[in-house]
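The values are calculated or read from the model by the stated rules, or taken from the named source; none is laboratory data. Remember, it's a predicted structure, so these values are computed and weren't measured experimentally. Because the Cβ atoms are built from the backbone with ideal geometry, glycine has one as well, and the counts that use them run over all protein chains shown.
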Amino acid sequence: MAETLEDRAAAGAFASFAERAWLAAMATAAGVFAVGLILLVWPHATLTVVAILFGVSLIIAGLMKLAEGFTAREASGGRRAAYILVGLIAVIAGLYCLRHHDVTIFLLAFVVGVFWIIHGAADLGVAITAGPFPGRGLRAASGVLSLAAGLVVLFWPGISLTLLLIVLGAWLMVYGVVLGGVALRMRHAGRALRKGAAAGQAKAAGRVRQVS
């Protein structure tokens, strides 16, 4: 009985968190998408501006990935560990871009490329090994895109700033869509848990009335 009460309390707490956090997640998705759009339509942006914008986007996306890893109670341990790993790497890479925003284009391309390859490999690994889950296809597509973009940026000798802006902008816009999907899943999960908790409370109250 104690475990049942604890499970209901945990489900209620997660439902409250999800219902509050999905708006923040959707706002983050919109922000990341907007940064990607800015980079695409601003072909003459300086390298410093690119490093700062991308660093901020990485930190925000990394924090969201960490939150997803710590709160995805329905996910497997490996899937949650992958989310947390990618989140930590994103935050570290974002902080590096902000701290060293006067980097050369070669160094920025190297940091971006390594992050994308790790991110893509993690997303593909989750999509292949975690079994069926909501958004699996979107996760796999994001992994393929990240892996391809990372390889292009990392191994393209003498990549130009304009090409780097196009690749960065396109990836951020796609990743914004992925984050938007995560936000909608958080909203759905929160509402489902809230309904389940309410139904459980109604059943418990009915049993109490029957006993009395």
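Report yes if Gly120 is surrounded by 18 or more Cβ atoms within 10 Å (Cβ to Cβ) and either within 23 Å of Val177 (Cα to Cα) or touching an Asp or Glu at 6+ places or on another chain (Cβ under 6 Å) (or both), otherwise no.
Yes; evaluated as a whole, the condition is true for this residue.
Output the number of residues of segment 137-160 satisfying the condition of being among the polar types (S, T, N, Q) and either crowded, with 17+ Cβ neighbours inside 10 Å or under 21 Å from the mean Cα position of the chain (by Cα) (or both). Give the derivation first.
Looking only at segment 137-160, we keep the residues that are among the polar types (S, T, N, Q), and these are 142, 146, 160.
Then keep just the ones that are either crowded, with 17+ Cβ neighbours inside 10 Å or under 21 Å from the mean Cα position of the chain (by Cα) (or both); that gives 142, 146.
Count: 2.
Hey, could you check segment 161-187 for residues that are under 16 Å from the mean Cα position of the chain (by Cα) and β-branched (Val, Ile, Thr) and say which is surrounded by the most Cβ atoms within 10 Å (Cβ to Cβ)?
Looking at residues that are under 16 Å from the mean Cα position of the chain (by Cα) and β-branched (Val, Ile, Thr), I get Val182.
So which residues in segment 17-30 are aliphatic (A, V, I, L, M), at pLDDT 75 or above and either crowded, with 17+ Cβ neighbours inside 10 Å or on the phi > 0 side of the Ramachandran plot (or both), if there are any at all?
Ala25, Met26, Ala29
Somewhere in segment 163-186, is a residue modelled with pLDDT under 80 and of a type in the set (Ser, Thr, Tyr)?
Scanning segment 163-186, I find no residue that is modelled with pLDDT under 80 and of a type in the set (Ser, Thr, Tyr), so the answer is no.
What do you reckon, is Ile105 buried (at least 18 other Cβ atoms within 10 Å of the Cβ) and either under 30 Å from Arg187 (Cβ atoms) or more than 19 Å from the chain's Cα centre (by Cα) (or both)?
Taking the combined requirement at face value, the residue does not satisfy it.
Looking at (1) over 21 Å from His100 (Cα atoms); (2) at pLDDT 80 or above, can you tell me which one Phe14 breaks?
(2)
Looking for something part of a helix (DSSP H, G or I), under 19 Å from Ala29 (Cβ atoms) and among the hydroxyl-bearing types (Ser, Thr, Tyr) - is there at least one such residue anywhere in segment 142-159?
Yes, there is a match, as at least one residue in segment 142-159 is part of a helix (DSSP H, G or I), under 19 Å from Ala29 (Cβ atoms) and among the hydroxyl-bearing types (Ser, Thr, Tyr).
So which residues in segment 29-42 are part of a helix (DSSP H, G or I) and farther than 14 Å from Arg187 by Cβ, if there are any at all?
Ala30, Gly31, Val32, Phe33, Ala34, Val35, Gly36, Leu37, Ile38, Leu39, Leu40, Val41
Being modelled with pLDDT of 75 or more and surrounded by fewer than 17 Cβ atoms within 10 Å (Cβ to Cβ) is the requirement here; does Ile92 meet it?
Numbers: modelled with pLDDT of 75 or more: yes; surrounded by fewer than 17 Cβ atoms within 10 Å (Cβ to Cβ): yes.
When the stated conditions are applied, Ile92 passes them.
Which condition number does Ala45 fail, the rest of (1) at pLDDT 75 or above; (2) farther than 15 Å from Leu184 by Cβ being met?
Here Ala45 meets the rest and fails (1).
Any idea which of Gly196, Gly113, Gly190, Gly200 is in contact with a helix residue (DSSP H, G or I) (Cβ under 8 Å, 6 or more places away or on another chain), at pLDDT 80 or above and either surrounded by 14 or more Cβ atoms within 10 Å (Cβ to Cβ) or not in a helix (DSSP H, G or I) (or both)?
Gly113
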